[in-house]
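Presented below is the structure to which this report refers.
All of the numbers you see were taken from the coordinates with simple rules; none came from a lab. Nothing here was measured: the structure is a model prediction, and the numbers come from that model. All Cβ positions, glycine included, derive from the backbone under ideal geometry; neighbour counts span all protein chains shown.
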Amino acid sequence: MAERSGLSLRTLRHYDALGLLPPSGRTEGGYRVYTPEDLRRLMTIKRMKALDCSTAQMGELLRLLDVAEGTGPEQARREAREQLEALLADARARRERLAEQVRRADEFLRVLESRLG
């Protein structure tokens, strides 16, 4: 899993200790066993980490995804999907604000470069 994800064993153990990435099983020798679904979960964690999400935010998002994609009661799945849709809308709005900041920064750089000749 470490090789496939590009993360260290220490990081995987840390995510396990936080409850973000528990292994799907263990070998008789005690080694963690991860599935392709675990790798997908880890890639989600990596993306959230790159966006400076806290471990609490990561845990909540992963919990919502687990419920929404699970086989539990329909009411719980529907509520989780609604919460995920709200988070998605917030993420899109954040992306738009960041894109606007980048546009302003680019404009400022062009002004400075033109003044410096």
Scoring only Lys, Arg, Asp and Glu (+1, +1, -1, -1) among other residues with Cβ under 13 Å from the Cβ of THR35 yields +3
With Cα springs under 10 Å, the Gaussian network model of the chain assigns the largest mean-square fluctuation among GLU79, GLU69, GLU100 to GLU100
With +1 at each Lys and Arg Cβ and -1 at each Asp and Glu Cβ, the charge dipole magnitude of the chain around its Cα centre, to the nearest 20 debye, comes out at 360 debye
Once GLU96 and ALA17 are pulled to full extension, the length gained, defined as 0.36 nm per residue separation minus their Cα-Cα distance, is 25.0 nm
Taking alpha-carbon centroids only, region 68-117 lies from region 1-26 a number of Å equal to 27 Å
Scoring only Lys, Arg, Asp and Glu (+1, +1, -1, -1) among other residues with Cβ under 10 Å from the Cβ of SER5 yields 0
Taking the chain and counting helices only, DSSP H stretches of n ≥ 4 at -39,500 (n - 2.57) each over all residues, the nearest-500 ellipticity at 222 nm comes to -24500 deg cm²/dmol
Where a ≥ b ≥ c are root eigenvalues of the Cα gyration tensor, a/c under 1.5 meaning rounded, otherwise prolate if a/b exceeds b/c and oblate otherwise, the chain counts as oblate
